[in-house]
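In what follows, a structure is listed as structure tokens, so that the remarks can point back to it.
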Amino acid sequence: MLRRALGSLLLVAGYLQGAAIPTPAQYLGFTPGDDFKLADYAEISGYYRKLATLSDKISLVDIGKTSEGKPMFMAVISSPENLKRLEQFRQLNRGLALGLATAAEAERLANQGKVFVWIDSGLHASEVAPAQHAPELAYRMLTGQSPELVRIRQNVILLQIPVINPDGLDHIVHWYRQNLGTANELAPLPWLYQKYAGHDNNRDWYMMNLQETRNISKLLFSEWFPQIVYNQHQAPAFPARIFVPPYAEPLNPNIPAPVMEGINLIGAAMKERFARENKPGILSYFGYDAWWNGGLRSVPAFHNMHGILTETALYSYATPKDYQLTELPERFPNGMPAKEPSVFYQRPWMGGKWGVRDAIEYMLTADMAILDLASTRSYSFLHKAWELAVSNIEAGHSGKPFAYVLDRNQPDKSSALEMLRRFRMGGIQVQRALSAFSASGKQYPPGTYILPAGQPFRGYLMDLLEPQKYPELRTGISGPTKQPYDVAGWTLNLQMGVTVDRADSPFQVNVENVEQIESQDLSMDHRDNSSFLATADLLSRNVKVRWTGDGTILTAASAAFGQAAWELRTPRVALYESWTANIDAGWTQWVLDTYRVPHTLIHNGDFQKGALRSRFDTIILSSESTNSILHGMRDGERNPGIAGRSEEMALQRPEYTGGIGVSGLAQLENFVREGGNLIAFDAAADLPVQLFPLPLRSLISSSTTPREDRASTAYYSPGSILRIAVDSSNPLAFGMPPEAFAFSSGGQAYDITLLPEYNHGEREIRSVAKYASKDLLASGWISGEKAVLGKDILVDARYGKGHVILFGFRPQFRGQSFGTFKFLLNAIYLGSARPL
């Protein structure tokens with residue numbers, strides 16, 4: 001497909017020497033960045049198609065479709081001579097990045113090759129300037145005749161993704177256009193700007209659940225292997241105008257030191273150019289650490305690529321703001337001065353007008369700093385890619401670890417294959433044993449999967465399969481531990497419930513490389529997540545499915561069919577979707593769609609209609625505060641719509657205000673009393689605990705309370721993997737092992753207050769899973785663990801004729817925690833099942 005795309009697209013239609021290339025303003029009818037003006041996806045993509053017909057310096061490559069079906073493309077920009085040899089340069093780049101060349105060949109190829117620089121725009125669609133800046137960068141690259149730009153085109157091949165989230169761009173632009181000139185001009189979009197993930201589309205880069213992530217990952221890690229990956233955003237700490245590397249501590253040891261040094265070099269080049277162009281407000285070493293694995297700028301760093309993040313200032317949409325000096329804070333949130341020079345903030349910005357055009361100018365400066373540096377250090381970047389690949393291969397061959405081994409006989413084989421599939425999409429080599437073998441004293445059968453540590457992206461492999469140990473970096477001598485930028489631990493096999501053995505010493509076995517991970521036949525084993533797909537398929541074909549009292553899945557052909565405890569029915573599920581664009585609800589919908597669970601998205605008005613029990617068997621509240629569920633954004637109330645960017649408050653349109661209200665709460669309670677199944681995740685569980693009420697108490701004040709506002713001894717998890725003890729005999733835990741792992745960010749813990757003699761009938765409450773009583777932390781970092789050791793983390797409470805199922809964690813966190821999906825799916829099917 002790639003060869004066909006390149007072959008056809010390189011036959012650029014025009015090479016029309018006399019045809020003038022239009023400026024973005026001439027094509028769009030306004031200059032990108034003009035106040036109150038935003039171009040949508042059709043306009044931006046149309047401009048690039050126009051450029052491709054008029055210039056021999058640009059080719060467009062189709063790269064797939066978005067979650068909503070829009071076509072995505074990449075622009076390749078360089079000199080005409082380079083584009084004619086594009087496939088040759090791509091293969092050369094691949095050979096260096098994968099360490100396939102000998103030392104002599106690498107020397108020659110690094111001298112012959114061209115640096116591949118990746119610049120993407122518009123991942124977070126509400127951060128509008130990057131996508132608007134893209135046409136300006138393309139025009140400059142195609143038409144500029146300065147010695148610098150000529151050199152860049154000669155020595156660099158620019159891989160530009162003008163709009164990396166086309167669906168989101170259109171949602172934001174069209175919403176803004178509807179509200180422009182009204183009191184709701186700055187109102188936040190009341191739904192997610194990516195179908196499932198919204199802002200979390202930049203949290204999906206090792207899991208690759210989203211179609212857009214998969215499209216891009218294929219380019220980065222299987223086809224093009226750029227040496228520099230520049231990911232643009234818009235949310236620096238106020239009042240900075242742009243954040244550029246170096247990143248803050250801590251630094252992940254699985255990112256090669258030469259990569260971090262190269263990132264710092266690029267950051268220095270950017271700061272030097274900003275100073276030369278008299279653009280103040282450049283912030284570094286603040287907030288954005290190099291610990292986390294999962295973002296578009298961080299995952300490439302584990303692939304030996306220089307992952308660059310910038311965060312340029314934004315007010316809101318295309319509406320400008322004039323800042324007075326008195327509006328600027330004296331200090332940044334970490335106490336660093338905001339109006340005096342420091343090593344972190346050398347030339348403070350002292351206010352003035354700021355709009356999208358200002359942001360575009362800053363991003364263009366960052367672009368040119370990167371491109372100029374790449375053009376003058378072509379050999380260095382290319383040869384470094386080879387050096388890092390070879391170093392990783394040699395380190396893996398020497399052992400510790402030598403390989404990671406996955407026995408095919410996993411209890412949840414489908415999740416094991418899903419994990420391997422994601423490793424392949426991330427460019428990791430996967431092998432299959434052709435014979436039996438022994439590793440670290442353990443015997444393995446033929447067909448065992450092997451992930452060799454001796455491969456180019458060894459750091460990425462190790463980072464996803466080894467437990468994280470977040471360092472104790474304190475703010476001040478006795479201050480709290482510095483919080484991670486995102487999460488503290490993410491070990492993938494623990495999240496997915498997959499057993500992986502680490503083999504430190506070399507072993508011998510005949511293997512074959514696995515390019516495509518096999519598809520598994522659907523299982524009827526409750527331990528396998530694919531059993532829920534099998535169940536959905538059978539029910540869709542009107543085949544009767546039953547569960548026994550121990551969770552065995554039966555059909556009418558089974559001898560024990562008549563002794564089953566439940567007969568399943570097609571679930572009638574409602575997923576509450578508030579007007580606060582709840583990302584957790586989006587990931588819940590992803591799980592429901594992935595496992596083919598029919599469901600209805602319900603909003604505030606659906607609660608007012610009543611009769612919930614006649615329409616639904618189960619209602620799901622994804623993690624969201626009680627206040628948000630009940631009240632949402634009140635009509636006429638100004639709520640923060642641009643957090644961290646200014647003190648301005650956004651007024652929402654009336655039809656997207658409010659919550660379920662007190663009357664809706666009464667309808668929800670009545671739904672459960674009449675036999676409905678209420679499932680609540682994490683923060684949302686506070687609502688039934690506090691307001692129904694239930695015979696238990698929460699041991700954690702609030703998952704949304706900042707750690708610095710809690711007692712130093714209080715329990716806190718910034719996002720870590722914890723050990724839990726599971727009552728596998730409980731129907732909600734069918735298929736789960738007695739000891740499992742749960743991902744917790746914030747989290748809840750419960751203490752059942754109902755005396756045993758009263759724990760029956762319509763007041764019965766049962767513990768399904770508890771925090772481990774010792775060795776709680778499996779990966780990441782937590783504090784105050786004594787407060788939750790052995791306490792309940794998952795509870796099933798009878799309420800009237802129905803059930804309230806309280807998750808003290810998010811079992812579907814970012815679509816990553818396959819190992820706890822069963823809790824949710826069991827709860828859904830039991831909510832619709834008929835007891836026998």
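The values are calculated or read from the model by the stated rules, or taken from the named source; none is laboratory data. Worth saying up front: this structure is predicted, and the values here are computed from it rather than measured. We place every Cβ from the backbone using ideal geometry, glycine too, and count neighbours over all the protein chains shown. With ligands, DNA and RNA removed, areas are computed over all heavy atoms of the protein, side chains included. Shrake-Rupley method; radii C 1.70, N 1.55, O 1.52, S 1.80 Å.
Identify the GluC sites (Glu not before Pro) of the stretch 455-541 meeting these criteria: DSSP loop state and at most 15 other C-beta atoms within 10 Å of the C-beta.
Here the GluC sites (Glu not before Pro) that fit, given the DSSP loop and packing criteria, are E472, E515, E518.
Relative to a virtual label point 7 Å from the Cα of Q563 in the Cα→beta-carbon direction, which members of the stretch 527-549 show backbone nitrogen distances below 13 Å?
548-549
Exceeding 20 Å between C-alpha atoms, which entries from my cross-link table qualify? They are K400/K469; K70/K195; K195/K413.
K195/K413
How do K84, K786 stack up against each other in accessible area, from largest to smallest, with a 1.4 angstrom probe?
K786, K84
How far is the Cα center of the stretch 723-739 from the Cα center of the stretch 59-94, in Å?
48 Å
Rounding to the nearest 20 debye, state how big the charge dipole of the chain is about its Cα centre with +1 on each Lys and Arg Cβ and -1 on each Asp and Glu Cβ.
I would put it at about 900 debye.
Just to check I understand the Karplus step: with θ = phi - 60° and J = 6.51 cos²θ - 1.76 cosθ + 1.60, what whole-Hz values come out for the stretch 602-609, glycine and proline as x?
These are the phi-based 3J(HN,Hα) values: 10, 10, 4, x, 5, 6, 5, 5 Hz.
Starting from the Cα of N264, step 7 Å along the direction of its Cβ; do the same at E68; then give the gap between the two resulting points in nm.
4.3 nm
Would you work out the relative contact order for the chain, in percent, from Cα pairs under 8 angstrom that are 6 or more residues apart?
12 percent
Considering only protein heavy atoms and a 1.4 Å probe, what is the carbon-and-sulfur percentage of the accessible area of the stretch 452-567?
Here carbon and sulfur together make up 47 percent of the probe-accessible area.
If you average the C-alpha positions of the stretch 767-787 and of the stretch 479-506 separately, how far apart do those two centres end up, in angstrom?
What the calculation gives is 15 Å, centre to centre.
According to a simple spin-label model (label point 7 Å from Cα along Cα-to-Cβ), what is the distance in nm between L755 and T499?
With each label placed 7 Å out from Cα toward Cβ, I get 4.5 nm.
Count charges around W118 for me, please; just the other residues with Cβ under 14 Å from its Cβ, Lys/Arg as +1, Asp/Glu as -1.
Value of the local net charge: +1.
Through the Karplus equation 6.51 cos²θ - 1.76 cosθ + 1.60, θ set to phi - 60°, convert the phi angles of the stretch 280-286 into ³J(HN,Hα) values in whole Hz; use x for Gly and Pro.
For the stretch 280-286, the Karplus curve yields x, x, 8, 10, 9, 6, 10 Hz.
Compute, for the stretch 497-650, the length of the dipole vector about the Cα centre, with Cβ point charges of +1 (Lys, Arg) and -1 (Asp, Glu) only. Units Debye, rounded to 20.
860 debye
Heavy atoms only, 1.4 Å probe, whole protein assembly: order S505, S121 by accessible area, highest first.
The ordering from most to least exposed comes out as S505, S121.
What does the charge add up to near W291, with Lys and Arg as +1, Asp and Glu as -1, over the other residues with Cβ less than 12 Å from its Cβ?
Surrounding charge for W291 is -2.
For the chain, take the longest principal axis of its alpha carbons; what is the angle in degrees between that and the long axis of helix 413-425, to the nearest 10 within 0 to 90?
That helix lies at roughly 10 degrees to the long axis.
Between G746 and residues 5 or more places away or on another chain, which pairs have amide H atoms under 5 Å apart, with H built 1.01 Å from N, and which residues are they?
S717, G719
Whole-Hz Karplus ³J(HN,Hα) for the stretch 653-662, in order, using 6.51 cos²θ - 1.76 cosθ + 1.60 and θ = phi - 60°, x for Gly and Pro?
Karplus values, whole Hz, x for Gly and Pro: 5, x, 5, 10, 10, x, x, 6, x, 5.
For E272, tell me the accessible area in Å² from a 1.4 Å probe, rounded to the nearest 10.
My reading of the accessible area for E272 is about 100 Å².
Would you mind working out the accessible area per residue for the chain, using a 1.4 Å probe, and quoting it in Å²?
Result: 36 Å² of accessible area for each residue.
Sum up the charges of everything whose Cβ sits under 13 Å from the Cβ of I255, counting Lys and Arg as +1 and Asp and Glu as -1, but leave I255 out.
With Lys, Arg at +1 and Asp, Glu at -1, the neighbours total -2.
Tally up the carbon and sulfur contribution to the accessible surface of the stretch 262-336 as a whole percent, 1.4 Å probe, everything protein left in place.
The value for the stretch 262-336 is 52 percent carbon and sulfur by accessible area.
Under the rule of at least 5 residues apart or a separate chain, name every residue whose amide H is placed under 5 Å from the amide H of A290.
Here A248, N252 satisfy the definition.
Quick query: amide H of S779 versus all other amide H atoms, modeled in the peptide plane; which residues come in under 5 Å with a sequence gap of 5 or more or a different chain?
The list, which skips near neighbours in sequence, is I721.
How much accessible area does E148 have with a 1.4 Å probe, in Å² rounded to the nearest 10?
Approximately 40 Å² for this residue.
Could you tell me the accessible area of D56 in Å² (1.4 Å probe, neighbours in place), rounded to the nearest ten?
The value for D56 is about 40 Å².
Counting only C-alpha contacts under 8 Å and six or more residues apart, can you give the relative contact order of the stretch 282-436 as a whole percent?
Here the relative contact order equals 18 percent.
Would you compute, from DSSP H runs of 4+ residues alone, the mean residue ellipticity of the chain at 222 nm, taking -39500 (n - 2.57) per run and dividing by the full residue count, rounded to the nearest 500?
Value at 222 nm, helices only, nearest 500: -9000 deg cm²/dmol.
Please tell me the relative contact order of the stretch 349-477 in percent, rounded to the nearest whole number, where contacts are Cα pairs under 8 Å and at least six residues apart.
27 percent
Under 28 Å from the Cα of K271, which lysines turn up, not counting those fewer than eight places away in the same chain?
Within the straight-line cut-off, K271 pairs with K114, K279, K321, K339, K353, K384, K482.
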